[in-house]
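Step one of this worksheet: look at the structure below.
The values are calculated or read from the model by the stated rules, or taken from the named source; none is laboratory data. Worth saying up front: this structure is predicted, and the values here are computed from it rather than measured. A quick note on method: Cβ atoms are made from the backbone with ideal geometry, for glycine too, and the neighbour counts reach across all protein chains shown. Protein only, heavy atoms only, side chains kept; ligands, DNA and RNA dropped before computing areas. Shrake-Rupley method; radii C 1.70, N 1.55, O 1.52, S 1.80 Å.
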Amino acid sequence: MSSDIAVGIHDLSFASTEFVLPHTALAAHNGTEIGKYHIGIGQQSMSVPAADEDIVTMAAAAAAPLVAAHGSDRIRTVVFATESSIDQAKAAGIYVHSLLQLPSACRVVELKQACYGATAALQFALGLIRRDPAQQVLVIASDVSKYELDSPGEATQGAAAVAMLVGADPALLRIEDRSGLFTADVMDFWRPNYRDAALVDGQESINAYLQAVEGAFKDYSEQGGRTLEEFAAFCYHQPFTKMAYKAHRHLLNYCGADTDKEAVEAAIGLTTAYNTVIGNSYTASVYLGLAALLDQADDLTGRPIGLFSYGSGSVAEFFAATPVAGYREHLRTKANRATIERRTPLDYAGYRDLHQRTFPGDGGDHPTEAQTTGPFRLAALRDHKRIYEAR
Ligand code: COA
């Protein structure tokens, strides 16, 4: 074991849903001035899962290209982070393990702490790699963000999965050991076990997020972390993309730095391209921001990127990732754009119908409508069991 081994993200792929709802359709339904969505919260459209899609089908679709490219021989751990879990006991990752035919000599576990879960998964993965650099860990973040119809949170819904292959000598990004941590007991966003849609105190969540930015960066500095000026860009968790702007301005103010518009845009502008059309993907959101940055930025080799992960409730972490030489050859830019462009637009009625769907809890045989054209589908709920199939 040695801390001089480079560890980090070897490959990253994401998936989203079959459908997309443009915010213009939502605005036309509820009479909202579209500027509130497009400018006020910074959202253009939201991914909407088909009747036969869920966190497992998205996760498997995100992870499949990684397994196809690198094989699964070295994957001895799968960590699945989600806050829209489908079962209170069984880890969703086991379905993915099965769909992707991963080796049986593998540990699979699910992690939860709101939108922060995937960062915990990534940090735990790095620890495992440090223990045995020959192994790889498949980290998956997959979520469907769902709020009540006609609630303020509705416009920030979305869905996506990010899969990251974590290992030694990574081809994309080296993750640095230093982290800034922050935990505070707040009720800004939560979802009791008996509820399908989350509860949220919107303004409280924005305030709690900003406090967490400050707290995590303060700890990061006290741990001997980099100074603000050393970072080429910053990726924030994006419940809605405008939040990244609020967060970065808050950090600059906290550090006594200049908050002019150009400086903020240069630091975070590129990170919002995917989240603005996908919506909130909870655990996956900050890593979609990272993918958007890497896909669009000029060469970032050797230039640290600051990542801020926030999960309501709340836990936050600030850490640094540095693109390694040659990383651009390993990006999945074309596939990432295709994932976004392949979605079929819904009208408001179609979205509402999907939003209101639930499975009856009677243990009967409930086949799902065949809607997705993706590689995996949820075929039925039968005898209280989810039945998945590869297409
Ligand atoms: N043109 C441009 N901007 C407009 C506008 C218009 N026509 N109308 C409103 N806005 C702006 C507002 O000024 C505001 O901007 P500001 O925050 O910079 O002041 C923004 O749009 C949102 O308006 P607001 O009235 O605050 O919206 P809301 O009460 O519907 O709530 C959220 C917005 C984000 C709080 C709500 O969507 C929510 O609860 N989301 C879920 C929780 C969440 O995402 N939390 C984040 C931390 S995890």
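Residues of region 21-45 that are assigned to a helix (DSSP H, G or I), touching a helix residue (DSSP H, G or I) at 6+ places or on another chain (Cβ under 8 Å), of a type in the set (Gly, Ala, Ser) and within 12 Å of the ligand (Cβ to nearest atom): 27, 40.
Every residue, every condition in (1) part of a helix (DSSP H, G or I); (2) on the phi < 0 side of the Ramachandran plot; (3) within 16 Å of the ligand (Cβ to nearest atom), yes or no:
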| site | (1), (2), (3) |
| --- | --- |
| 119 | yes, yes, yes |
| 122 | yes, yes, no |
| 142 | no, yes, no |
| 161 | no, yes, no |
| 182 | no, yes, yes |
| 195 | no, yes, yes |
| 212 | yes, yes, yes |
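Every residue, every condition in (1) open to solvent by 30 Å² or more (accessible area, probe 1.4 Å); (2) away from the ligand (no atom under 16 Å from the Cβ), yes or no:
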| residue | (1), (2) |
| --- | --- |
| 76 | yes, yes |
| 84 | no, no |
| 87 | yes, yes |
| 91 | no, yes |
| 94 | yes, yes |
| 97 | yes, yes |
| 107 | yes, yes |
| 110 | yes, yes |
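Suppose we filter 343, 332 for residues that are open to solvent by 30 Å² or more (accessible area, probe 1.4 Å), in contact with a strand residue (DSSP E or B) (Cβ under 6 Å, 6 or more places away or on another chain), within 24 Å of residue 100 (Cβ to Cβ) and not hydrophobic (A, V, I, L, M, F, W, C); which single one remains? Going through 343, 332 in turn, just one is open to solvent by 30 Å² or more (accessible area, probe 1.4 Å), in contact with a strand residue (DSSP E or B) (Cβ under 6 Å, 6 or more places away or on another chain), within 24 Å of residue 100 (Cβ to Cβ) and not hydrophobic (A, V, I, L, M, F, W, C): 332. Residue check: residue 206 meets all listed conditions (1) within 16 Å of the ligand (Cβ to nearest atom); (2) modelled with pLDDT under 95 but one, namely (2). Whether a residue is part of a strand (DSSP E or B) and in contact (Cβ under 8 Å) with a residue 40 or more places away in the chain was assessed, and residue 378 passes this test. If the condition is being among the hydroxyl-bearing types (Ser, Thr, Tyr), surrounded by fewer than 19 Cβ atoms within 10 Å (Cβ to Cβ) and at pLDDT 95 or above, then region 244-279 contributes only 254. Flag: residue 58 matches the condition of being among the aliphatic types (A, V, I, L, M) and away from the ligand (no atom under 16 Å from the Cβ).
Residues that are within 15 Å of residue 66 (Cβ to Cβ) and buried (at least 22 other Cβ atoms within 10 Å of the Cβ) within region 155-171 comprise 161, 162, 163, 164, 165, 166, 167, 170, listed in sequence order. When region 1-20 is filtered for residues that are among the aliphatic types (A, V, I, L, M) and not in a loop (DSSP other than H, G, I, E, B), the ones remaining, listed by number, are 7, 9, 12, 15, 20. Cβ-Cβ contacts under 8 Å between residues 6 or more apart (or on different chains), taken from a first residue in region 30-41 that is closer than 21 Å to residue 269 by Cα and open to solvent by less than 70 Å² (accessible area, probe 1.4 Å) to a second residue that is within 6 Å of the ligand (Cβ to nearest atom) and in a loop (DSSP other than H, G, I, E, B), are listed as 41/240. Every condition in (1) in contact with a helix residue (DSSP H, G or I) (Cβ under 9 Å, 6 or more places away or on another chain); (2) without any contact (Cβ under 8 Å) to a residue 40 or more places away in the chain; (3) outside any strand (DSSP E or B) is met by residue 105 except one, and the failing one is (1). Looking across 65, 22, one residue alone is on the phi < 0 side of the Ramachandran plot, touching a Pro at 6+ places or on another chain (Cβ under 7 Å), open to solvent by 30 Å² or more (accessible area, probe 1.4 Å) and touching a residue at least 40 places away in the same chain (Cβ under 8 Å). It is 22. Screening region 112-132 for residues that are of a type in the set (S, T, N, Q) and closer than 20 Å to residue 7 by Cβ and picking the one that is surrounded by the most Cβ atoms within 10 Å (Cβ to Cβ) gives 119. Within region 218-263, restricting attention to residues that are among the aromatic types (Phe, Trp, Tyr) and in a helix (DSSP H, G or I), the residue that is farthest from the ligand (Cβ to nearest atom) is 220. For a quick check of your reading of the model, give me the residue pairs whose first member lies in region 203-222 and is open to solvent by 20 Å² or more (accessible area, probe 1.4 Å), whose second is of a type in the set (Ser, Thr, Tyr) and near the ligand (Cβ under 9 Å from one of its atoms), with beta-carbon atoms closer than 8 Å and at least 6 apart or on different chains. Between residues of region 203-222 that are open to solvent by 20 Å² or more (accessible area, probe 1.4 Å) and residues that are of a type in the set (Ser, Thr, Tyr) and near the ligand (Cβ under 9 Å from one of its atoms), the close pairs are 205/312.
Among the residues of region 346-356, the one identified as open to solvent by less than 90 Å² (accessible area, probe 1.4 Å) and part of a loop (DSSP other than H, G, I, E, B) is 346.
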